[in-house]
Amino acid sequence: MMKSPVYGLLLLFALMLPPVANLLESIMITHMHMQMPLLIISGLFMAKFFQHRFPEFFSKWNENGVPGLLLFSIIMVYWSLPRTMDEALTLTSVEIFKFISLPFLAGVPLRDSWPKLSSFWKHALIIFFTILFLALGWLYIWSPVQLCNNYLIIEQITLGWGFISTAFAMVVYLIYSYFVDLSKYE
Amino acid sequence: METVIKQSGKTQVFKDKANKVMGISLEDGKLTKSYLSVAFLAILLGGILGLVQGLNRAGMLELPAWLNYYQVLTAHGLLLVVVLSAFFTIGYFYAGLSHTLGGLLPKVRKMAWIGFWMKIFGFVLAVIPILMNEASVMYTFYPPMAASPIFYIGLVFIVLGVWMCAFGAFINVASWRKRNPGKHVPILSFFATGVFVLLFFGSLPVAIEVFTIIPWAFGWVETINVMVARTLFWAFGHTLVNIWYLTAVSAWYVIVPKVIGGRRWNDLLTRIVVIALVIMNITGGFHHQIIDPGISEPVKYMHVFMSLAIGFPSLMTAYAMFAVFERTARRKGGKGLVGWYKKLPWGDVRFLAPFIAMAAFIPAGAGGIAQTTNQLNQVVHNTMWVVGHFHLTLGMSVVMTFFGLIYWLIPYVSKRVLTPQINKLGVIQTIIWTIGMIIMSGAMHWVGLLGSPRRTSYSTYFDNATALSWDPYLFFLAIGGTLLMIGVLMQVYAVFYLMFFAPKGNTEFPIAEVEEDEAPTPRWTERWGLWVVCMIVLVGMAYVIPLVDFMVNAPPGSPPFKTW
Ligand code: HEM
Ligand SMILES: [Cu+2]
């Protein structure tokens, strides 16, 4: 019996509970930087189930991991836009799409792709997101207008700094992996 | 493992074994000796000032006009929480790096020396304004209290000096890993890595704080954001406290089992404790700000969890330690449910001091958990209770572990041996320190609950009845403080005797082995890059919301004040 997919599913259900969803969505930064990553993590946990059920599908469509990486990135970029967050709060269909797309179209492909990727692609992904997060941080912090109908400007600025600090963490990681070649230690 | 290191021009081959037999190289030994000398001079001076404070608070000593209580308090805090702990930690871990990694690299040794002099220079700069009563801002130097700018410039040099030592340690560990592919960093160096990672990242916020204070102290900018400064300070202050704690913990896991002739606790779990303490540490800073205005209730609520989370690895440690003691004692024939304790070497100061230190952490940790909850914090905040708390945690758990270490560490670095007389002195010192600290910290806790404020020189508040009722406890505080001063003198004597006068000989660096049947430790424990990222992400989670709030919704800001 595989345990991790069950935990993933439980996490997904927990996040879907209305009080939990309402709480996390009531603050902009916990909406984007807590709920959404947790949804992806639930997908990471559930991925094993799909890999066992549909091995040919993954080996055929995600042979070198790059297609999965692209799918993950597209879903991530989509959900980084202020407009999509707003819509998730106002349109139920978009909200449902969020709860499906992040675990199954971002979390699952990421788990399947990561071990298949060469270190070039892994670093490319981190660099891409570092740049994206810096840009988004800049956008959210210095945007003169309120970007979301549902969130105040102060929340928007907070989220912006959340992006910058995440980008900072990734920069530290990139510097570390530039200087420390793990393969030399093994 | 073959490790070849160029020693200042001439090539010397250090084999790990040779290092163990011949002991530390003279140059590495000198480095640690210098660091430890400064640490114990700091405790001597700091102890004297502590006694002055204790006697003053008991109403037994009126300070002369040229010496202000807050001046003394600033120096006491700075000497003991910054100088003593930083110099001890660095001296001890550099000896550990030298021993477990086959000698320090010459470059690293040089960095540690530069760091040494930068810290001393910085400290001298900071002390001058304190002596001139221009910097009686206590070691927390919270704005809006402003000291002379020289004080803060001194702090900058101390931080830079610490960074030198941190990067030196990273370089040495990285070089060892390159020379020993596939091997785990030896456990004591693993602890050292964790400690120096925390020292570096923990002191980033205070560096930012000090750089915003300096222009304000010079008068180049008019106001400062007090909440931001306090928050940056505690991100550092709290981490610093936990760094010494982690240093003491390293000795509990690695050294003490060897001293009692046993083996150490599971390697993987030990490394997990280090990683957990590194990742979760900085965010605990907020528990020093539970009463601060301007932080919303939900954010404070989140921080209760972040702060309690650190308790978890501590509980693991408590379990591990007693498991090791029991296992070792039973192997030596100890019997019964609790009767095995008789088999432990109680007459050996190298065990007794760290053991009592550990035991003290049980009430100390319990008090800490109590304080970190919102309602209980309202009762004890800024009272003598808090002073009692950190004399128990720092003055007892941490400092007494340090005391216990010197009885082999100093002989090891100075190529001498511990004599039975000094061991006996150490046992007596340990008992005196224990009694003194129980009396002093007990009195502080109690009088704090009765409302006596911390950081306040003696006052009867116009003979107010409540204030007068504190007097008997403050009297006990003074008695405890006097005992502690005797303990300080004995300790400092032991340190310098062992460093310069004890008989020559070889002393072992006691590092316990793991149990024979233990499963190999997985490789992922070595992924420091990842742990640092986790730490930064957690720091982001804890700090982004409140800091943005402080800055965007900031009040007008405060001009500098001189309150003394
Ligand atoms: C001879 C031993 C010691 C005595 C008699 C002593 C006594 C005192 C007293 C009376 C206070 C002032 C309380 C107040 O007015 O708020 C104090 C504060 C303090 N002590 Fe000690 N202490 C001793 C050792 C230590 C040690 C070993 C450490 C730490 C390693 C330490 C760290 C501190 C700190 C951090 C403060 C707070 C300073 C402040 O509030 O700014 N002390 N001590
Ligand atoms: Cu703390």
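The values are calculated or read from the model by the stated rules, or taken from the named source; none is laboratory data. Every value quoted in this text rests on a predicted model; they were computed, and no experiment measured them. All Cβ positions, glycine included, derive from the backbone under ideal geometry; neighbour counts span all protein chains shown. Keep in mind that these areas ignore ligands, DNA and RNA; they rest on the heavy atoms of the full protein, side chains included. Shrake-Rupley method; radii C 1.70, N 1.55, O 1.52, S 1.80 Å.
Among the numbered conditions (1) of a type outside the set (Lys, Arg); (2) open to solvent by 40 Å² or more (accessible area, probe 1.4 Å); (3) more than 19 Å from the chain's Cα centre (by Cα), the only one that residue B:370 does not meet is (2).
Can you confirm whether residue A:52 is within 30 Å of residue A:131 (Cβ to Cβ) and either surrounded by fewer than 20 Cβ atoms within 10 Å (Cβ to Cβ) or in contact (Cβ under 8 Å) with a residue 12 or more places away in the chain (or both)? When the stated conditions are applied, residue A:52 does not pass them.
Confirm whether residue A:59 is of a type in the set (S, T, N, Q) and open to solvent by less than 20 Å² (accessible area, probe 1.4 Å). No, not satisfied. When restricted to residues that are more than 30 Å from residue B:177 (Cβ to Cβ) and either out of contact with any helix residue (DSSP H, G or I) (no Cβ under 8 Å at 6 or more places or on another chain) or surrounded by fewer than 21 Cβ atoms within 10 Å (Cβ to Cβ) (or both), the range B:104-135 contains 10. Of the residues making up the range B:386-440, those that are more than 15 Å from ligand 1 (Cβ to nearest atom) and in contact with a Lys or Arg (Cβ under 9 Å, 6 or more places away or on another chain) number 11.
Do we find a residue being more than 16 Å from ligand 2 (Cβ to nearest atom), without any contact (Cβ under 8 Å) to a residue 40 or more places away in the chain and within 26 Å of residue B:92 (Cα to Cα) anywhere in the range B:220-231? Explain how you work it out, then say what you get.
Just the residues of the range B:220-231 that are more than 16 Å from ligand 2 (Cβ to nearest atom), to begin with: B:220-229.
Applying the additional criterion that residues be without any contact (Cβ under 8 Å) to a residue 40 or more places away in the chain yields B:220-221.
Next, only the ones that are within 26 Å of residue B:92 (Cα to Cα) stay: none.
Scanning the range B:220-231, I find no residue that is more than 16 Å from ligand 2 (Cβ to nearest atom), without any contact (Cβ under 8 Å) to a residue 40 or more places away in the chain and within 26 Å of residue B:92 (Cα to Cα), so the answer is no.
Need the failing condition index for residue B:257 against (1) more than 15 Å from ligand 2 (Cβ to nearest atom); (2) open to solvent by 10 Å² or more (accessible area, probe 1.4 Å); (3) under 30 Å from residue B:320 (Cβ atoms), just the number. Evaluating residue B:257 over (1) more than 15 Å from ligand 2 (Cβ to nearest atom); (2) open to solvent by 10 Å² or more (accessible area, probe 1.4 Å); (3) under 30 Å from residue B:320 (Cβ atoms) leaves (2) as the failure. Taken together, the criteria place residue B:325 among residues that are more than 16 Å from ligand 1 (Cβ to nearest atom) and over 30 Å from residue A:24 (Cβ atoms). Looking at B:472, B:420, B:453, B:411, just one residue is more than 21 Å from the chain's Cα centre (by Cα) and closer than 22 Å to residue B:39 by Cα, and that residue is B:411.
Take the conditions (1) within 14 Å of another protein chain (Cβ to nearest Cβ); (2) modelled with pLDDT of 90 or more; residue A:146 misses just one of them, which is (2).
Inside the range B:345-365, can you point out the residues that are touching a Lys or Arg at 6+ places or on another chain (Cβ under 9 Å) and buried (at least 21 other Cβ atoms within 10 Å of the Cβ)?
Kept after step one, since they are touching a Lys or Arg at 6+ places or on another chain (Cβ under 9 Å), are these residues of the range B:345-365: B:347, B:349.
Selection gives B:349 alone.
Okay, residues lined up against (1) open to solvent by less than 30 Å² (accessible area, probe 1.4 Å); (2) away from chain A (no Cβ under 14 Å); (3) closer than 24 Å to residue B:258 by Cα:
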{"residue": "B:492", "(1), (2), (3)": "yes, yes, no"}
{"residue": "B:499", "(1), (2), (3)": "yes, yes, yes"}
{"residue": "B:514", "(1), (2), (3)": "no, yes, yes"}
{"residue": "B:530", "(1), (2), (3)": "no, no, no"}
{"residue": "B:550", "(1), (2), (3)": "yes, no, no"}
{"residue": "B:553", "(1), (2), (3)": "no, no, no"}
{"residue": "B:563", "(1), (2), (3)": "no, yes, no"}
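On the stretch given as the range B:419-451, residues that are within 19 Å of residue B:482 (Cβ to Cβ) and open to solvent by less than 60 Å² (accessible area, probe 1.4 Å) total 16.
Here's a check for you: in the range B:236-254, which residue that is aliphatic (A, V, I, L, M) and open to solvent by 10 Å² or more (accessible area, probe 1.4 Å) is nearest to ligand 2 (Cβ to nearest atom)? Walk me through how you get there before you give the answer.
Within the range B:236-254, the subset aliphatic (A, V, I, L, M) is B:240-241, B:243, B:246, B:248-249, B:251, B:254.
Of the ones still in play, those that are also open to solvent by 10 Å² or more (accessible area, probe 1.4 Å) are B:240-241.
Values: B:240: 9, B:241: 5 Å.
Among residues in the range B:236-254 that are aliphatic (A, V, I, L, M) and open to solvent by 10 Å² or more (accessible area, probe 1.4 Å), the one nearest to ligand 2 (Cβ to nearest atom) is B:241.
For the structure I just gave you, tell me whether residue B:285 is more than 14 Å from chain A (Cβ to nearest Cβ), closer than 25 Å to residue B:363 by Cβ and either within 16 Å of ligand 1 (Cβ to nearest atom) or not aromatic (Phe, Trp, Tyr) (or both).
Numbers: more than 14 Å from chain A (Cβ to nearest Cβ): yes; closer than 25 Å to residue B:363 by Cβ: yes; either within 16 Å of ligand 1 (Cβ to nearest atom) or not aromatic (Phe, Trp, Tyr) (or both): yes.
It is true that residue B:285 is more than 14 Å from chain A (Cβ to nearest Cβ), closer than 25 Å to residue B:363 by Cβ and either within 16 Å of ligand 1 (Cβ to nearest atom) or not aromatic (Phe, Trp, Tyr) (or both).
The residue of the range B:289-315 that is farthest from ligand 2 (Cβ to nearest atom), among those that are open to solvent by 50 Å² or more (accessible area, probe 1.4 Å) and more than 14 Å from every other protein chain (Cβ to nearest Cβ), is B:293. Considering only the range A:139-148, state which residues are loosely packed, with under 14 Cβ neighbours inside 10 Å and in a helix (DSSP H, G or I). Answer for the range A:139-148, where residues must be loosely packed, with under 14 Cβ neighbours inside 10 Å and in a helix (DSSP H, G or I): just A:142. Within the option set A:96, A:126, being part of a helix (DSSP H, G or I) and under 23 Å from residue A:160 (Cβ atoms) holds for one residue only, A:126. Only one entry of B:451, B:481 meets the criterion of being at positive phi and small (Gly, Ala, Ser), and that entry is B:451. Contact annotation: residue pairs with Cβ atoms under 8 Å, 6 or more positions apart or on different chains, pairing a residue in the range B:520-547 that is part of a helix (DSSP H, G or I) with a partner that is open to solvent by less than 30 Å² (accessible area, probe 1.4 Å) and basic (Lys, Arg), are B:525/B:271; B:526/B:177.
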